Every structure is written in structure tokens, then in C-alpha cells.
Amino acid sequence: MAMQVSSRRGEDYVESIYNLIPKIQERPPKPSMYRSNFASTVKQEQKTKKQSSKTMGPAKVAVTEPKDFLAKHSKEFKLPEKTDFTYPDHDKRRPPVPKHTEKPLMGLRSTKNHITTNAVENIMSVPKMPEKKFVDTRGGATHQLVPSGLTPKYVNKKDYGKTPAYLEKRKAEVERAQMEYDAYVQERCRQGAMKNLTEEERQGILDGLKKNWEELHHQYQGLSVVTDTAPKKARKERMEAEMKQLERDIETIEKHRVIYIANPFF
């Protein structure tokens with residue numbers, strides 16, 4: 001069976017014998033009705049909270065009896081009957097002060113004359129020393145004298161003028177160290193390991209050092225003013241170093257009166 005393709009109303013379609021058979025139009029299925037997830041909860045709340053005649057009132061209202069009419073001042077507030085005031089802790093409160101007309105009973109009676117006793121105590125008591133104050137303004141403003149710093153407070157201490165304990169301890173330690181050092185030096189001298197220079201030997205060494213410094217200084221003064229060569233510069237630096245070393249040796253010997261010399265062969 002041949003098929004022809006034609007154009008009708010500007011649309012392409014395929015001509016077929018099957019197109020003559022009426023087709024049943026299928027309707028799309030209807031979507032299910034929307035139901036809220038909370039519908040059951042709402043119904044349950046409506047059942048539990050529902051009250052009869054909530055908005056319109058009861059169907060039949062009770063009629064008031066004729067004898068129960070509204071009387072005058074029937075709805076006014078009435079105060080309770082007046083009663084005596086009592087504190088909540090009435091049982092724990094102290095008794096009131098007796099009046100001047102009452103004569104309370106005294107359990108103990110004394111024959112002591114308080115007037116005479118007070119007079120004797122005041123006569124025999126030591127008078128109180130007045131506080132020391134000073135005035136620093138024309139209007140008479142007074143201040144305490146003791147904390148002001150105007151009085152010699154430190155000189156009145158018990159330990160004023162005494163050497164502190166830590167200084168005494170330090171002095172004893174220094175003396176003990178000096179004694180141990182002197183004992184060590186005497187032992188080494190006895191063994192011949194060192195020798196103590198006499199004053200003549202010390203003075204001779206000091207004079208020799210000063211003489212060497214003077215000779216070296218005289219040579220230093222005779223150097224050329226311009227040090228344009230390396231030997232001149234080296235000689236000048238060497239002489240300056242020797243002069244500084246001699247100055248340090250002279251200062252060391254002048255500072256120490258006692259000098260010990262160790263024996264290299266001991």
C-alpha cells in the first residue's frame with residue numbers, strides 16, 4: 001500500500017487508513033486532593049477544646065427569682081471585721097519597755113554607790129595625753145604631727161645607730177676568708193712555692209719600670225711626625241703598645257703593697 005505525503009494547512013502529516021478509525025481521547029488522571037500532614041492534629045484539638053455554647057451562650061438561660069432582686073449597696077466592697085494587730089514573730093519579740101508609772105521588780109539589788117565609784121576612778125586614772133598636731137594654714141587647719149614626717153621618728157627606734165645583722169655577717173665572712181688566704185700564703189711560702197717581695201725590691205722594680213717608660217717616651221717623641229711608610233707606622237704602634245703595657249704594670253704595682261712571686265721550678 002502506497003503512502004503519499006501531502007501538505008494541508010501548512011502542516012506535514014502522513015495519510016493513512018488508520019486515521020479514519022475514531023480514537024478515544026484519554027483524559028489525564030486527576031491529581032489527588034491535597035491533604036495537610038497536620039489535619040489529624042487539628043481535628044483532635046477541635047474535639048478536645050470544643051465547648052458547648054461557646055460563642056452564642058446557652059440555649060436556655062436560668063431566670064432570676066423575683067425575691068432575688070438587686071438591692072441598694074449590695075455590690076459594694078465590705079471590709080472585714082477589725083481585729084487587734086499582732087506581729088508575725090510575736091512569740092520571739094522582747095517585752096515592751098515599762099512605762100514610767102510601772103515599777104518593775106528587780107531580781108538583784110546592789111548597795112554600790114556608783115557616783116562615788118565613778119568619781120574615785122576618774123581621780124585615780126591617768127590623764128590622756130593630747131595628740132600632737134600642727135597648723136599649716138592661716139585659718140587654723142590642724143593635722144596629725146606623727147605621720148607628717150616633721151618629727152624625728154627613725155632616731156627613736158631601738159636599733160638606731162647599730163650595725164645591721166647582715167653587715168656583721170658579711171664582715172665575719174670577709175675576715176674568715178682573709179684568714180684562710182693568709183694561712184694558705186704562709187703555707188706556700190714555707191714550702192718555697194712563692195716569695196714575698198720586700199719593700200726595697202718592690203720600689204726597685206717600680207723605679208725600673210718608670211725609667212723604661214721615660215726612655216721609651218723619649219724615643220717616641222723623636223719619631224717623625226708624618227708616618228708615610230709602613231715601617232714607620234708599625235714602629236709607632238709598637239712603641240705605643242709597649243708604653244701602655246708599662247703604664248698598666250706601674251699602676252698594678254703602686255696599687256698593691258704586698259706582692260708574691262711564684263716559683264716556676266716548684
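The values are calculated or read from the model by the stated rules, or taken from the named source; none is laboratory data. Please read these numbers as outputs of a predicted model, since none were measured by experiment. Because the Cβ atoms are built from the backbone with ideal geometry, glycine has one as well, and the counts that use them run over all protein chains shown. Accessible surface areas use protein heavy atoms only, side chains included; no ligands, DNA or RNA. Shrake-Rupley method; radii C 1.70, N 1.55, O 1.52, S 1.80 Å.
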For the chain, the longest principal axis of the Cα atoms and the Cα long axis of helix 39-49 enclose an angle in degrees, to the nearest 10, of 80
For region 155-213, dividing by residue count, accessible area per residue (probe 1.4 Å) in Å² works out to 84
For the chain, longest principal axis from Cα atoms; helix 114-124 axis from its Cα atoms; angle between them, nearest 10 degrees, is 30
With N residues in region 167-219, Rg(alpha-carbon) / (2.2 N^0.38 Å) equals 1.85
Of the residues 197, 213, 258, the Cα lying farthest along the dipole of region 196-261 towards its positive end, which is defined by charges on the beta carbon of Lys, Arg, Asp and Glu, belongs to 213
From highest to lowest solvent-accessible area (probe 1.4 Å; ligands, DNA and RNA excluded), 115, 261, 250 read 115, 261, 250
Quick calc, region 196-261, dipole around Cα centre from Cβ unit charges on Lys, Arg (+) and Asp, Glu (-), nearest 20 debye, gives 320
Place a point 7 Å from the Cα of residue 263 in the direction of its beta carbon; the residues of region 186-210 whose amide N falls under 18 Å from it are 186-198
Rounded to the nearest 0.05, FRET efficiency between residue 235 and residue 207 (Cβ-Cβ, R0 30 Å) equals 0.70
Lys pairs in region 137-201 with Cα under 23 Å (8 or more apart in sequence, or on separate chains) total 5
Excluding ligands, DNA and RNA, the carbon-plus-sulfur percentage of the accessible area of region 72-181 with a 1.4 Å probe reads 57
Between the modelled labels at residue 165 and residue 114 (7 Å from Cα along Cα→Cβ) the distance in nm is 5.2
The size of the Cβ-based charge dipole (Lys, Arg +1; Asp, Glu -1) of the chain about the Cα centre, to the nearest 20 debye, is 2880
Between the alpha carbon centres of region 166-186 and region 198-266 the gap in Å comes to 35
Residue-normalised 222 nm signal for the chain, counting each DSSP H run of n ≥ 4 as -39,500 (n - 2.57), nearest 500 deg cm²/dmol, is -12500 deg cm²/dmol
Placing each pseudo-label 7 Å from Cα in the direction of the beta carbon, residue 255 and residue 36 end up separated by a distance in nanometres of 10.5
Straight-line reach check, residue 103, cutoff 22 Å on alpha carbons, 8 or more apart in-chain or any other chain, hits among lysines -> 112
